[in-house]
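Undergrad: Take this structure, written in structure tokens, and hold onto it; I'll ask about it next.
Bear in mind that the values in this text are calculations on the coordinates, not laboratory data. This is a predicted model, so every value here is computed, not measured. Every residue, glycine among them, receives a Cβ derived from its backbone with ideal geometry; neighbour counts consider all protein chains shown.
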Ligand code: DI6
Ligand code: FE
């Protein structure tokens with residue numbers, strides 16, 4: 001680590017708990033920002049010290065990590081974790097040859113999940129989502145973004161967002177909510193997408209904002225969803241309300257969604273398989289994070305690769321997420337997303353880990369709070385039974401989590 005890092009990370013005077021004898025991937029600076037034989041201390045819900053074990057201040061309690069790896073708590077920055085029903089039947093249909101778009105146009109797809117979500121009560125949504133959330137938490141995830149977008153009416157959109165917020169009371173996890181009213185045209189507005197966008201802008205989004213249920217606003221810019229002009233109206237409303245935006249862009253075709261998002265100062269543009277050079281440039285200029293979603297790429301057997309090399313060259317930060325949803329990415333494993341990010345998209349293991357820590361935090365507008373191990377950041381940590389950080393992305397279907405800390409609270413003894 002550079003001298004500058006330690007200058008910025010002067011220890012706080014006291015500490016409640018100190019992890020010593022750890023290999024620490026701080027994810028601050030270049031690559032892993034690795035500290036061998038390191039210590040990290042926690043005071044209250046904040047990181048109070050990061051540095052060499054032999055320089056560590058006294059703490060009330062010390063945990064010897066025995067050389068284990070410590071990383072920031074993982075962040076899943078793009079999920080649709082709250083929904084009703086499932087889409088296993090569509091999985092079968094796709095295996096019989098139907099495409100994702102054909103199923104959507106025939107009234108399946110997102111709209112079929114909308115029917116199940118509208119029929120589910122808030123408690124049921126919380127209950128079914130907890131099972132999925134627990135899987136993420138079991139892999140060291142401490143922050144999860146959750147989108148609405150399977151209600152597409154006033155009551156159900158708000159119910160989804162309330163259910164998402166309630167999850168943070170049920171488990172030790174940070175939940176950020178994103179309003180995704182512009183996800184699909186609901187059946188009652190069939191053929192009237194502009195009128196639906198009016199309804200989203202005039203009624204649903206303002207209500208979600210007024211009730212404090214939305215941290216950001218997203219949309220689906222695609223032939224089977226909404227045009228750039230329609231998305232722009234949603235973004236303008238979000239701007240009026242002071243909410244940051246992000247966008248599902250260039251997933252199935254290039255409509256210029258990422259450039260539109262960048263023009264609105266978007267936190268992120270997500271998917272991006274069909275992103276062109278203009279989009280990359282616009283994102284670089286705006287500081288918009290590229291959120292890659294290899295679970296959807298894999299599930300849809302997409303063959304068009306997102307332009308990873310162009311994103312790298314333009315210094316666009318790359319994040320990775322599960323896109324956990326019942327249709328295009330029925331996946332609740334961030335570790336698998338990391339593995340797929342490397343194997344399918346040729347990210348390096350260091351890029352994959354940055355993608356679910358520092359860059360995921362940026363994609364949520366929370367880089368000054370979470371995603372790196374630095375003094376003053378939230379004490380969200382994961383301790384792993386691995387010798388090298390690359391092992392996290394390398395293994396398939398193996399969970400090396402040893403312990404997890406959320407906001408200074410340690411869960412699970414090291415094992
Ligand atoms: N793109 C996706 O991959 C998810 N939403 C979106 O806009 C899929 C949602 C679904 O199929 O239920
Ligand atoms: Fe998505």
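Undergrad: So for the chain: antiparallel DSSP bridges make up what percent, rounded to the nearest 5?
TA: 45 percent
Undergrad: Let me ask you something else. Restricting everything to alpha-carbon atoms, can you work out Rg to Rh for segment 152-201 with a Kirkwood hydrodynamic radius?
TA: Checking Rg against Rh, the ratio lands at 1.11.
Undergrad: Please compute the Kirkwood hydrodynamic radius of segment 179-220 from all pairs of different C-alpha atoms, in Å with one decimal.
TA: Its Kirkwood hydrodynamic radius stands at 10.6 Å.
Undergrad: Quick one: grab the alpha carbon gyration tensor of segment 217-262, order the square roots of its eigenvalues as a ≥ b ≥ c, and give me rounded if a/c is under 1.5, else prolate or oblate depending on whether a/b is larger than b/c.
TA: prolate
Undergrad: Averaged over every viewing direction, what's the projected area of the C-alpha convex hull for the chain? Give it in nm², one decimal, please.
TA: It is 18.7 nm².
Undergrad: While we're here: Taking the square root of 5 times each eigenvalue of the Cα gyration tensor, what semi-axes in Å does the equivalent ellipsoid of segment 1-151 have, largest first?
TA: 46, 17, 13
Undergrad: Which of rounded, prolate or oblate describes segment 212-368 when judged by the alpha-carbon gyration tensor and an a/c cut-off of 1.5?
TA: rounded
Undergrad: So which residue, out of 191, 84, 73, gets the largest mean-square fluctuation from a GNM of the chain using Cα contacts under 10 Å as springs?
TA: 191
Undergrad: Among 27, 405, rank each residue by its count of other Cβ atoms within 10 Å, from fewest to most, as a rough exposure measure.
TA: With the fewest neighbours first, 27, 405 line up as 27, 405.
Undergrad: Taking a point 7 angstrom from the Cα of residue 30 along the C-beta vector, which residues in segment 338-374 have backbone N less than 15 Å away?
TA: Counting only backbone N, you get 350-351.
Undergrad: When 1/r is averaged over all different Cα pairs and the result inverted, which Kirkwood radius in Å belongs to segment 279-342?
TA: About 12.3 Å, per the Kirkwood formula over Cα pairs.
Undergrad: Hey, another quick one. For segment 121-217, just say rounded, prolate or oblate: build the C-alpha gyration tensor, square-root its eigenvalues into a ≥ b ≥ c, call rounded for a/c under 1.5, and beyond that prolate if a/b exceeds b/c, oblate if not.
TA: Prolate is the answer for segment 121-217, as a/c is 1.5 or above and a/b outweighs b/c.
Undergrad: Then there is this: What is the fewest-to-most order of 406, 5, 179 by other Cβ atoms lying within 10 Å of their Cβ?
TA: By the 10 Å Cβ count, ascending: 5, 406, 179.
Undergrad: Quick one: Cα centre-to-centre distance for segment 138-200 and segment 335-391, in angstrom?
TA: Rounded to whole Å, the Cα centres lie 25 Å apart.
Undergrad: Using 1/(1 + (r/R0)^6) with R0 = 45 angstrom and r between the beta carbons of residue 396 and residue 277, what's the FRET efficiency to the nearest 0.05?
TA: It comes out at approximately 0.85.
Undergrad: Here is a follow-up. Exposure proxy check: 78, 271 ranked by fewest other beta carbons within 10 Å?
TA: 271, 78
Undergrad: Next question. Expressed in whole Å with the largest first, what are the equivalent ellipsoid semi-axes of segment 374-415 derived from the C-alpha gyration tensor as the square root of 5 times each eigenvalue?
TA: Equivalent ellipsoid semi-axes, largest first: 21, 13, 8 Å.
Undergrad: Going by average Cβ neighbours within 10 Å, how do the peptides 308-320, 245-257 rank, with the highest at the top?
TA: 245-257, 308-320
Undergrad: Next question, about the same structure. Taking the Cα-to-Cβ direction at residue 52 and at residue 91 and moving 7 Å from each Cα, how far apart do the two end points lie in nm?
TA: 5.2 nm
Undergrad: Here's something else I'd like to know. Once you wrap a convex hull around the alpha carbon atoms of segment 28-85, what is its projected area averaged over all directions, in nm²?
TA: Computed as one quarter of the Cα hull surface, the answer is 6.8 nm².
Undergrad: Going by alpha carbons, how many degrees (0 to 90, nearest 10) lie between the helix axis of 277-286 and the longest principal axis of the chain?
TA: 60 degrees
Undergrad: Sticking with the crude label model, points 7 Å out along Cα→Cβ, report the distance from residue 241 to residue 409 in nm, one decimal please.
TA: The modelled label-to-label distance comes out at 3.0 nm.
Undergrad: Using only the alpha-carbon atoms of segment 286-381 as identical scatterers, what base-10 log of I(q)/I(0) does the Debye formula give at q = 0.16, 0.22, 0.23 Å⁻¹?
TA: -0.66, -1.13, -1.20
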